[in-house]
Structure formats: C-alpha cells, structure tokens
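Heads up, the thing below is written out as structure tokens.
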Amino acid sequence: MTTTAINFRMDKELKADFEKISEALGLTPSALFNVFAKKVVANRGLPFPLTIDRPLSLGEEKILLHEENIRLGAIPDDSTLLTADDLKNARKNYQ
C-alpha cells in the first residue's frame, strides 16, 4: 500500500489532547486519523452526527428539567409543569 502525507493546522491544545488520547489508545495520531478516514469512507460521511450547539431556550430547559425530575422520582408523573426554580429545588432535595 502506497501512503501519502496530509498536512493541516489545528489548535495547539487540541493537538496535545489528541496526542494524549491517541497514546492512551495505543495508537499514533497518524494511525488514529487513518481510523477516522476509513470510517468516513465506509459511512460515506461522518461517523457521528454533526450538530450546531446552541443554548436551550427557557421553555426547553423547563421541559427537560421537568422530565428529568420525573425520571428521578423527585416529582410525580402527573405533576403540572413547574417553574425552572421549582424543578431545580426538587432535584436538590432529591439528591
């Protein structure tokens, strides 16, 4: 198999973190990038979803907190939607 070089730039801290993780996995950074490239080719795209991070709206946060507190048993299943502060306090009391 003939190999070729590829060069690109990345943040210095990101590179250091990537090298640490590569080493922990027993791979060189080059080998880890080859694994990534092979997965991209096999999947014909990224091997993970590409999303845009954005802050949650207050309404979304309230719903997620409400669902999480129900899941944890901090509030009953049939409770009405409480304020975000009510939900945070319920969770604190549960833990």
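Considering the stretch 23-72 alone, what residues qualify as being in a loop (DSSP other than H, G, I, E, B) and charged (D, E, K, R)? Steps first, answer last, please.
Pass one, the stretch 23-72, residues in a loop (DSSP other than H, G, I, E, B): 25-28, 44-57.
Of everything in the stretch 23-72, those that are in a loop (DSSP other than H, G, I, E, B) and charged (D, E, K, R) turn out to be 44, 53, 54.
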Filter the stretch 1-18 for residues that are in a loop (DSSP other than H, G, I, E, B) and of a type in the set (D, E, K, R) and give the result.
-> 9, 11
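For every residue, the table says whether it meets (1) among the hydroxyl-bearing types (Ser, Thr, Tyr); (2) in contact with a Cys (Cβ under 9 Å, 6 or more places away or on another chain); (3) modelled with pLDDT under 80.
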{"position": "12", "(1), (2), (3)": "no, no, no"}
{"position": "22", "(1), (2), (3)": "yes, no, no"}
{"position": "25", "(1), (2), (3)": "no, no, no"}
{"position": "43", "(1), (2), (3)": "no, no, no"}
{"position": "47", "(1), (2), (3)": "no, no, no"}
{"position": "59", "(1), (2), (3)": "no, no, yes"}
{"position": "79", "(1), (2), (3)": "yes, no, yes"}
{"position": "88", "(1), (2), (3)": "no, no, yes"}
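Say we look at the stretch 50-80 and pick out the residues that are of a type in the set (Ser, Thr, Tyr) and over 21 Å from the mean Cα position of the chain (by Cα); which of these is surrounded by the most Cβ atoms within 10 Å (Cβ to Cβ)? Steps first, please.
Going residue by residue through the stretch 50-80, those that are of a type in the set (Ser, Thr, Tyr) are 51, 57, 79-80.
The next check asks that each one be over 21 Å from the mean Cα position of the chain (by Cα); those that pass are 79-80.
Working: 79: 14, 80: 6.
In this case the residue turns out to be 79.
The values are calculated or read from the model by the stated rules, or taken from the named source; none is laboratory data. Only a predicted model underlies this, so the values are computations on that prediction, with no experimental measurement involved. Here the Cβ is made from the backbone with ideal geometry for all residues, glycine too, and neighbour counts use every protein chain on show.
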